[in-house]
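Read through the structure below, which is laid out as structure tokens, and then see the notes.
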Amino acid sequence: MKTTKTMKKAAIALSIQAALLTSMSSFAAEQADKKDDSKLEKITVTALKRSQSIQDVPVSIATLSGEKFENMFSSGDDILSLATRVPGLYAESSNGRVAPRFYMRGLGNTDFDLAASQPVSIIMDDVVMENVVLKSFPLFDVDQVEVIRGPQGTLFGRNTTAGIVKFTSRKPTDDFEAYVKGGVGTYGLTNFVGAVGGGLTDTLSARISVLEQSKDDWIDNAHTNEENAFGGHKDSAYRIQLAYNPTEQLDVLFNFHSRSLDGTSSVFRANVLTTGSNKLNENYDRDSVKYDDGDNNPQVYDADGWSVNVNYDLGNITVTSITAMETAEGRGKGDIDGGVNNADGSSEPGFIPFSAVTEDQLNDLEQFTQEVRFSSNGNSQLSWQAGGFYYDSSFSVVSIDGFFGATEVFHENTTWALFGQTTYQVNDQLSVIGGLRYTDDDKSLSVGDQNKDGFALVIGAATIQEYAPVNVGEAKVSWEAMANYKIDNDMSVYTRISNGFRAQSIQGRDIAFEGMPSVAEAETIMSYEAGFKSDLFNNTIRLNGAVFHYTVDDIQLTAVGGNGNSIGLTNAGKGVGTGFELDSEFRVNENLLITAGFSYNKTELQDESLLIGVCGSGQCTPTDPLSSDGSAAYVDGNPFPNAPETILTLTGRYAFPMGDSGEVFVYSDYAYQGETSLYIYQTEEYVTDGQFELGLRVGYFNYDLDLEVALFGRNITDEDNLKAGIDFNNNTGVVNEPAVWGIEFKKSFF
């Protein structure tokens, strides 16, 4: 339901983008006779755990690197900046700069708990980051991002029913190289990234990368009359890599990384939606809220990790071992109701039935992973890889509620798997790939201090509850089959059938409110995909596309909030998704590059008997059929929550040569998000459409000095976009970041 204002802003933004692209295209046409057209760069990916051209891999993949990637983070944004920047990929969070929730092709998990599992896996430097806090590690000195769509149940295992986002850091080299990049901007933004590396001996090289960014508090607390009370952050991180190559056969890469965050949890805004409308109302003020609890929503987290990646070439076979350990801990607190309950019984802004303040603490997270893989070498007709994987994690989550007190829940998860994949080159044009994986997954949950009988006591406001430990386990076989046919050197078509599963999940959140833990059974997915990949017109246009259809049996859902303020897991009978993605690049000439991407995604829950609790009476307006008492909605036929129906991305970069020594460039990017329902049940209020953000970068690059200076702007039309909500208390909303403008420089040394 677009408003007139939104439509006008979208039209203005598209006009700006179109004007930039049109003017750049016109100028390029005038210069065409003066320059030879350049070609698109070849892109290498490791989606199948081998280095291959993106055009040769029969999987739907999008990549981000270089200026296109770095420009997203110029204003100090976190990993959520990736949302809608790639067709089919979305992300959001109600936990500030930690615990991002990713969705791919509409499939994700809305659970805000720190123990929640997600169907999109995050892989950083070949290590899976399973816990949601680990997924939020800052992105800096990144070589490439691969967004691999669809289930990846063979090489990457369970909990990848939706897909993978794979980050690869820049690695040490024998030659010296370094750079420093610094920026300042509005809201007191400072953003510094630097790296230095090179050979230390004939066999040892190193690279050190650092990130230091901060943003001042900028949101006032009008209730306490505190100016600039919160909204800022300070995020520091570093990475040390050592590459050891004693022989041509052996290479070892050691990676140590650390992060420290001191910032603000999500800012909840009470009653910013009027019942019956999804428009932000007069209670909404981006620069101000009224809080009586939550200590202005502080958030503090620390994380450390290391990995050792060893490759040994035995001639016909390469043995790979990846050993890794990740640790994290921290806390966040929030005024969840987003407003004030006064002593005289009044509340503001608007009606707030009761105060809600929550603090979550993640304690002693340890994640250990070990992978051993054997891969065939050479260019024989038959190639293969096989291996094993082991995963073990443990941590506790303490939930502190203003009424019920504190509850500590302990989680443990152990997984092991055996996997293999084979590629057979039938002839020069046709290749087929098959993969198989066996996975065994065990999880457990326990509460508080266990007594000798294995039970725990939780003392709440009125009762004493006993909780027995919860143990679940699942063993599954997942598989995939692919075929790739090269029509000629510039075009190929492929088909892919893939199967995957997400292991059982345990939710202990309701224990904090004297409820019982809930368990969701494992979900399994069967996905069908067909696509094409093409490099056209002398490699100046790259056009890749895919169509897909998938069915998730026993799809896991998290019912959050509602009039009972419960947080529980459940399974729906089926979830179905159908759609397509297009990714394109157009190198007009040496100076102009245009990219465009689009995805359409239609999702549907299929379970005629499934009921989900809805918001309190009179608060919001459910549009689904309701139960007899009006407390729950039948959600059969609804789209998945936080599943944008469409995503459109556009970028354009034009460089104006300045003699032989430099260039002036203009870069713009546009991201559009179509209709998106925020909850499992549908309402008039919590559905968005037509949201977008527009970025701009104008700068000068000097070739001789390897120096760049640029002005940048993010969300330059200052869009107020609703990103999340809370439905159990009042019509609370969470919005995006405001417009940020700044200047940035980068100096490289070789």
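Points to keep in mind about this one:
- Region 326-349, residues that are within 17 Å of LEU365 (Cα to Cα) and either open to solvent by 50 Å² or more (accessible area, probe 1.4 Å) or free of Cβ contacts under 8 Å to residues at least 40 places away in the same chain (or both): GLU329, ARG331
- Scanning region 95-111 for residues that are open to solvent by 10 Å² or more (accessible area, probe 1.4 Å) and over 19 Å from PRO644 (Cα atoms) yields ASN95, GLY96, ARG97.
- Counting the residues of region 291-313 that are at pLDDT below 95 and open to solvent by 40 Å² or more (accessible area, probe 1.4 Å) gives 3.
- Residue that is farthest from GLY263 (Cα to Cα), among those in region 218-235 that are surrounded by 17 or more Cβ atoms within 10 Å (Cβ to Cβ) and without any contact (Cβ under 8 Å) to a residue 60 or more places away in the chain: GLY231
- Subset of region 704-736 [at pLDDT below 95 and of a type in the set (Phe, Trp, Tyr)]: PHE728
- The set of residues from region 584-602 being of a type outside the set (Lys, Arg) and over 19 Å from the mean Cα position of the chain (by Cα) comprises SER584, GLU585, PHE586, VAL588, ASN589, GLU590, ASN591, LEU592, LEU593, ILE594, THR595, ALA596.
- Residue match in region 566-578 (condition: β-branched (Val, Ile, Thr), surrounded by fewer than 17 Cβ atoms within 10 Å (Cβ to Cβ) and within 24 Å of the chain's Cα centre (by Cα)): yes
- Residue check, TYR238 within 30 Å of THR369 (Cβ to Cβ) and open to solvent by 50 Å² or more (accessible area, probe 1.4 Å): yes
- Of the residues making up region 507-530, those that are farther than 30 Å from GLY448 by Cβ and surrounded by fewer than 21 Cβ atoms within 10 Å (Cβ to Cβ) are THR524, MET526, TYR528, ALA530.
- Residue within region 145-153 that is under 11 Å from the mean Cα position of the chain (by Cα), crowded, with 23+ Cβ neighbours inside 10 Å and modelled with pLDDT of 95 or more present: yes
- Any hit, region 265-278, residues being touching a strand residue (DSSP E or B) at 6+ places or on another chain (Cβ under 8 Å), assigned to a loop (DSSP other than H, G, I, E, B), at pLDDT 95 or above and open to solvent by 40 Å² or more (accessible area, probe 1.4 Å): no
- Answer from ASN245, ASN228 - the residue that is under 28 Å from GLY713 (Cβ atoms) and of a type outside the set (Lys, Arg): ASN228
- Unique match (being in a strand (DSSP E or B) and small (Gly, Ala, Ser)) among ALA512, ALA483: ALA483
- Subset of region 195-233 (residues that are within 30 Å of GLU348 (Cβ to Cβ) and part of a strand (DSSP E or B)): LYS215, ILE219, ASP220, ASN221, GLU226, GLU227, ASN228, ALA229, PHE230, HIS233
- Single residue of GLY185, GLY157, GLY163, GLY194 found to be of a type in the set (Gly, Ala, Ser), buried (at least 16 other Cβ atoms within 10 Å of the Cβ) and within 30 Å of TYR284 (Cα to Cα): GLY185
- Just one of the listed residues (PHE69, PHE73, PHE140) is closer than 26 Å to PHE745 by Cα, of a type outside the set (S, T, N, Q) and at pLDDT 95 or above, and it is PHE140.
- Residue list for region 515-548, restricted to those being small (Gly, Ala, Ser) and either at positive phi or in a loop (DSSP other than H, G, I, E, B) (or both): GLY515, ALA522
- Where a residue in region 467-485 is free of Cβ contacts under 8 Å to residues at least 60 places away in the same chain and of a type in the set (Ser, Thr, Tyr) and its partner, wherever it lies, is in a strand (DSSP E or B) and surrounded by fewer than 20 Cβ atoms within 10 Å (Cβ to Cβ), with Cβ under 7 Å and at least six apart: TYR485/LEU430; TYR485/VAL493
- Residue check, LEU582 at pLDDT 95 or above and among the aliphatic types (A, V, I, L, M): yes
- Given (1) more than 15 Å from the chain's Cα centre (by Cα); (2) of a type outside the set (A, V, I, L, M); (3) on the phi < 0 side of the Ramachandran plot; (4) surrounded by 24 or more Cβ atoms within 10 Å (Cβ to Cβ), number of the condition ASP174 does not satisfy: (4)
- The condition of being small (Gly, Ala, Ser) and under 30 Å from LYS171 (Cα atoms) holds for only one of ALA324, ALA343, ALA356, that being ALA324.
- Taking (1) more than 29 Å from CYS615 (Cβ to Cβ); (2) surrounded by fewer than 16 Cβ atoms within 10 Å (Cβ to Cβ); (3) out of contact with any Gly (no Cβ under 9 Å at 6 or more places or on another chain) in turn, ASN316 satisfies each apart from (3).
- The single condition among (1) open to solvent by 40 Å² or more (accessible area, probe 1.4 Å); (2) part of a strand (DSSP E or B) that ASN283 does not meet is (2).
The values are calculated or read from the model by the stated rules, or taken from the named source; none is laboratory data. Computed from a predicted structure; not experimentally measured. For neighbour counting, all protein chains shown are included, and Cβ atoms are generated from backbone atoms with ideal geometry for every residue, glycine included. Ligands, DNA and RNA are excluded from the accessible area calculation, which covers all protein heavy atoms including side chains. Shrake-Rupley method; radii C 1.70, N 1.55, O 1.52, S 1.80 Å.
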